[in-house]
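*Asks:* Encoded as structure tokens, here's the structure I'll be asking about.
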Amino acid sequence: QVQLVESGGGLVQPGGSLGLSCAASGSIVSVNAMGWYRQAPGKERELVALIVSGGSTVYADSVKGRFTISRDNAKNTVYLQMNSLKPEDTAVYYCNLLRGNRGYWGQGTQVTVSS
């Protein structure tokens with residue numbers, strides 16, 4: 001089994017910055033990718049950013065140039081640095097780990113961008 005624990009959410013003003021982290025534990029060998037998804041009220045869950053095992057990254061168009069995903073393999077942790085935050089970034093952010101054809105989810109952390 002895989003456990004994912006997210007941290008770092010909170011309330012931030014528009015234009016501000018926030019960092020999220022996701023620590024993985026358990027059976028975390030042969031991981032294909034780790035990433036961040038988000039779900040706003042009344043909307044479907046969507047991909048925010050993804051980092052694959054080789055180190056390549058993928059970003060949603062809406063966050064390109066503002067968000068940065070990174071990882072620390074020694075700590076089995078993936079990070080999401082969010083800059084220039086907008087009210088439309090408000091959502092519950094979920095960490096995801098893909099191993100083989102199975103995905104694992106964290107419990108989610110709330111990010112609210114509001115003045």
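The values are calculated or read from the model by the stated rules, or taken from the named source; none is laboratory data. Worth saying up front: this structure is predicted, and the values here are computed from it rather than measured. As a convention, Cβ positions derive from the backbone with ideal geometry for all residues, glycine included, and neighbour counts pool all protein chains shown. Surface accessibility is based on the protein's heavy atoms, side chains included, excluding ligands, DNA and RNA. Shrake-Rupley method; radii C 1.70, N 1.55, O 1.52, S 1.80 Å.
*Asks:* Could you order the peptides 11-22, 80-91 from most to least packed, using the average number of other C-beta atoms within 10 Å per residue?
*Replies:* Values: 11-22: 15.7, 80-91: 17.4.
The most tightly packed comes first, giving 80-91, 11-22.
*Asks:* Would you tally the net charge around residue 33, using a Cβ to Cβ cut-off of less than 15 Å, leaving residue 33 out, and scoring K and R as +1, D and E as -1?
*Replies:* Computed value for this residue: +3.
*Asks:* Oh, and also: List the lysines whose Cα sits under 24 Å from the Cα of residue 86, skipping any in the same chain fewer than 8 residues away.
*Replies:* Partners within reach: 43, 64.
*Asks:* Here's another thing I want to ask about it. If you roll a 1.4 Å probe over the heavy atoms of the protein chains, what accessible area per residue do you get for the chain, in Å²? Mind showing how you got there, number by number?
*Replies:* Values: 5980 Å² over 115 residues.
In whole numbers, the chain has 52 Å² accessible per residue.
*Asks:* Just the number, please: carbon plus sulfur as a percent of the accessible area of the chain, 1.4 Å probe, no ligands or DNA/RNA counted.
*Replies:* Percent of accessible area from carbon and sulfur atoms in the chain: 48.
*Asks:* Let me ask something additional. Kirkwood hydrodynamic radius, region 21-72, all distinct C-alpha pairs: what's the number in Å?
*Replies:* Here the Kirkwood hydrodynamic radius works out to 12.3 Å.
*Asks:* Using all alpha carbons of the chain, what is the percent of pairwise distances in each 10 Å bin, ordered from the shortest bin to the longest?
*Replies:* Once binned at 10 Å, the Cα pair distances of the chain give 15, 51, 29, 6, 0.
*Asks:* Ok, one more. Mind giving me the nanometre distance, one decimal, between the label points for residue 40 and residue 115, set 7 Å out from Cα along Cα→Cβ?
*Replies:* Here the modelled spin labels are 1.8 nm apart.
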